[in-house]
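What follows is calculated from the coordinates using simple rules that are stated; it is not laboratory data. Computed from a predicted structure; not experimentally measured. With ideal geometry, Cβ positions are generated from the backbone for all residues, glycine too; neighbour counts draw on all protein chains shown.
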Amino acid sequence: KKIYFSGLTAMEKKLAEYKCNTNEAIQLKLVRFPEDLEDENTTFNPEYSHQVFGDDEVAFGYKGLKILLYYIAGNLSTLFRIEYTSKVNEKFDCVEADDVESKIREIIPPGFCTNTDDFVSLLEKEVNFKPFGMLLHTYSVHNEEAGEDITYQIYKADMTCPGFREYHERLQTFLMWFIETASFIDVDDERWNYFLVFEKYNKDGATLFATVGYMTVYNYYVYPDKTRPRVSQMLILPPFQGEGHGAQLLETVHRYYMSSPTVLDITAEDPSENYMKLRDFVLVKLCQDLLCFSPGKLMQGFSQEMVMEAQQKLKINKQHTRRVYEILRLRATDMGDAEQSRSYRLDVKRRLIGPYKKKQRELAKMRRCLRPEELTNQLNQIDINMQHEQLEESFQQLVSDYRRVLERLAQA
C-alpha cells in the first residue's frame with residue numbers, strides 16, 4: 001500500500017508541473033510595426049480568463065504554455081498561436097491535456113492567421129484601414145514619452161458600415177479578458193449604438209488609425225415616444241488606460257444623446273466601481289456651469305429645479321443628479337467651519353439613511369402580523385448603534401470618493 005501511495009504523490013507532483021495560470025499564459029498584443037512582435041514591452045495579459053478556462057483560470061497538460069493572441073492595431077486582424085515546451089502524453093501519462101485551442105476558437109471569430117508571415121503581410125495593408133461611421137469628437141493628449149501631442153477621434157458606428165460587423169466580432173473578444181461578467185451582444189438588434197475611440201499615428205509618412213477602446217449603448221424604448229439609452233459595455237484597452245480616454249468617451253456619448261429631443265436620460269447596466277467614478281467626474285464636469293448648481297443654491301439643499309434642469313439639458317437622471325449635487329456642494333462647503341460641515345453631513349446622511357428607514361417601515365408592518373419570538377429575531381439583526389457606525393463609515397467613504405472627483409476636476 002505504501003508504495004502505491006508514494007507512487008501517486010510522485011505522479012501528482014509530475015502532473016502539478018503541467019498546470020499553467022491562463023492569465024499569464026495568454027499574451028495579447030496590439031501590433032503597429034513588425035518589430036512589435038519581438039518587443040516584450042508591447043505585450044499585455046488578461047485580468048480574467050475564468051469565462052474561458054473555468055474559475056481556477058488554469059490550463060492543464062502543458063509546461064511553458066503560451067497562448068499568443070496578437071492583433072493588428074487598427075482593424076484587429078488576429079494571429080493566434082499556441083506554444084509550449086512540453087505536453088503530457090496520453091500514452092504514457094494516462095491523462096489528456098486540455099484542448100486549449102478549441103476553447104479560444106469559441107470566442108475568437110474564424111479567419112485568423114496561424115503564422116507570423118501571413119500576419120506581417122496583413123500588417124502592410126493596414127494603411128488602408130479607416131475608422132467606421134461618423135466622426136463625433138477629436139481631442140489630443142500630450143504624451144511625455146513621445147514628447148508630442150497625440151490626436152484621438154471618437155466615432156459612432158452601426159452594423160450598416162461596411163466591414164464593421166466583422167471588426168466588432170474581433171473587438172468584443174477583449175471583453176472576455178477585461179470585464180469580469182462580460183457577454184457578447186446580439187448585433188442583429190438595431191437598437192445598439194457603438195462608439196469607438198481611435199488614435200492617429202504615423203507610419204512611413206502615412207496616417208494610420210489604432211483602436212483604443214469602445215462603448216456599446218442600448219436604446220430602450222420608453223412609452224410613448226422616448227428612449228432611454230443604457231450603457232452596456234465600456235472598455236479602454238490596457239495600453240491606453242489611465243490617459244483619460246474613458247472620460248472623453250463618456251462625455252462624447254452624453255453630448256451625442258443630449259442633442260436628441262427624444263432621449264429621456266442615460267443610464268448604465270450593472271456599472272462597475274471604476275465606471276461610477278468616471279461617471280461622477282464626467283457628470284460633475286457637465287453640470288458645474290448650470291445655474292441651479294451655483295454655490296448659493298447648493299447651500300439651500302437639493303431641489304426639484306436641479307432634477308429638472310439636469311434631465312432636460314444634460315439627460316441626467318434624478319439619482320445621478322443627487323450625487324452631482326453632493327459633490328458640488330462639498331466643493332462649495334468649508335468643511336473647517338463647524339456649522340457648514342455639520343449641515344453637509346446631515347444632508348448626505350439623510351439620503352444614506354433612506355434604505356434603513358424603509359427597513360424600519362417594513363419591520364413595523366411585520367410587527368403587526370408576526371408572533372413575538374419571530375419578531376425578536378428580526379429586530380436583533382438591526383442594531384441601532386451598528387446603523388450609526390455604518391452610516392458614518394459610508395459617509396466618510398463617500399467624501400473621500402467625492403474629493404478625488406474634485407481633484408481630477410481641478411486638473412481638467
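Per-structure values
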read-out: Compactness of segment 131-331, expressed as Rg and Dmax over alpha-carbon positions, Å; value: 18.1, 60
read-out: Helix-derived mean residue ellipticity, 222 nm - over the chain, DSSP H n ≥ 4, -39500 (n - 2.57), to 500; value: -13500 deg cm²/dmol
read-out: Gaussian network model of the chain, springs between alpha carbon atoms under 10 Å - residue of ASP189, ASP289, ASP204 with greatest fluctuation; value: ASP204
read-out: Contour minus Cα-Cα distance for MET11 and ASP149 (0.36 nm per residue); value: 43.9 nm
read-out: Inter-site label distance for LYS125 and ARG342 at 7 Å from Cα along Cβ, in nm; value: 7.3 nm
read-out: Where the Cα pairs of segment 1-126 fall when distances are cut into 5 Å bins, in %; value: 2, 10, 18, 19, 16, 13, 9, 6, 3, 2, 1, 1, 0, 0
read-out: Choice from LEU196, LEU328, LEU249 showing the highest fluctuation, given a GNM over the chain with Cα pairs closer than 10 Å; value: LEU328
read-out: Using alpha carbons only: equivalent-ellipsoid semi-axes of the chain, gyration tensor based, whole Å; value: 45, 34, 20
read-out: Prolate/oblate/rounded label for segment 15-88 (Cα gyration tensor, a/c 1.5); value: prolate
read-out: Highest-MSF residue in the chain out of HIS142, HIS168, HIS254 [GNM, Cα springs under 10 Å]; value: HIS142
read-out: Cα→Cβ-extended label distance, 7 Å offset, between TYR223 and GLU273, nm; value: 4.0 nm
